[in-house]
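See below for the structure under consideration.
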Amino acid sequence: MTYIYAQIDENNKVIGISMLADKVEHPNLIPLDTYDTTLIGAVYDPATGAFTKVEEPVPPPPEPNPLEQRIIDLEIAIATLLGGGV
């Protein structure tokens, strides 16, 4: 028999799902019925036993450095001069 657990961090956020050969009693391991990796990133509420999925904001892409921006500008200018536009 296997035992499935959600591993939570100090903020009750699920950081992993484990399938173990033996039953384990540990405050950071929450027993699960199924191996559900979609719980990773969810927050566990010990009072209700429920997992709440949290939408993490997607960071914007980094701005190009000055050299990369200059290359982009030159590529646009060349394309415009050659009549291709952008």
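Readers should treat all values here as calculations from the given coordinates under stated rules, not as data from a laboratory. What you see is a predicted model, and the numbers here were worked out from it, not measured in a lab. Here Cβ is always computed from backbone atoms with ideal geometry, including for glycine, and neighbour counts include all displayed protein chains.
Who wins for biggest fluctuation among 76, 17, 40 in a Gaussian network model of the chain, springs between alpha carbons below 10 Å? Of 76, 17, 40, the Gaussian network model singles out 76 as fluctuating most. Volume per residue of the convex hull around the Cα atoms, evaluated for the chain, comes out as 178 Å³. Computed from the Cβ-Cβ distance with R0 of 41 Å, the FRET efficiency linking residue 18 to residue 82 stands at 0.10.
Could you tell me which trypsin sites (Lys or Arg not before Pro) in the chain are loop residues by DSSP with no more than 13 other beta carbons within 10 angstrom of their beta carbon? Present the calculation step by step, with values, prior to reporting the outcome.
Details: sites: 13, 23, 53, 70; in loops: 23, 53.
Filter output for the chain: 23, 53.
Pairs of Cα atoms nearer than 8 Å and 6+ residues apart set the relative contact order; for the chain it is 22 percent. With springs only between Cα atoms under 10 Å, which of 16, 41, 49 fluctuates most in a Gaussian network model of the chain? Looking only at 16, 41, 49, the biggest GNM fluctuation is shown by 49.
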